[in-house]
Amino acid sequence: MELDKEFIQEIKKIVEETLERKQTLISKKTLEEIKNKWNEERLQKTEAILNSYKSLNDFIKTINFTNKEFKTMERQQIKDIMKNNFTENETFLERVYKSKVNTEILVGFLTDIFNDYIDEKTDSRVIADIRKAQLLKEMYMEGVKPSEVKVGYSSPKTFYKDRDELFEELAPRLLGMYGIKFD
């Protein structure tokens, strides 16, 4: 009977140790998967911001009425409401204007970040940094097609390497703590 209890205790100990090792392996694998997903998402978000910059900037230029003009249009809307000539499309003006103002704030923020990055990299006098600054300016800020930007590169590998490094370097600036890479 005593032998059976010792045997059962030994088996329990072996099972617990095995489970503990398995749990550690699973935890490490899960942690690695989380890190990979985090890093992938931060680069995707950075790329999405860069790809959207030019169209956001163009949107601001398209909606070109000033605050004074908006106030005049708004007064006209109030008069139309009083006369019952108000249509649903006219309320759209206010939403468009608010959207323009919010977009201007966002684009201003992004422009400051991009210009600081370009100044920093241009001042470094490192050829790869200057290429990355030029890539940011031409492709993402000015909207030059990637095929036209690639012409200035000695090889496509260099272009993609610079682009990937640009994403890595801009991610923390654009996304804050969510842009930090976890190793």
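The gain in end-to-end length when the Ser99 to Glu165 segment is fully stretched comes to 20.6 nm, 0.36 nm per residue minus the alpha carbon separation. Computed over neighbours whose Cβ is under 13 Å from that of Leu166, the net charge equals -2, Lys and Arg +1, Asp and Glu -1. The residues packed around Ile60, meaning those with a beta-carbon under 12 Å from its beta-carbon, carry a net charge of +1 if Lys and Arg are +1 and Asp and Glu are -1.
Just so you know, all these numbers are worked out from the coordinates, no wet-lab data involved. Predicted, not measured: the structure shown is a model, and the values here were computed from it. Counting neighbours? That spans all protein chains shown, and the Cβs are built from the backbone with ideal geometry, glycine included.
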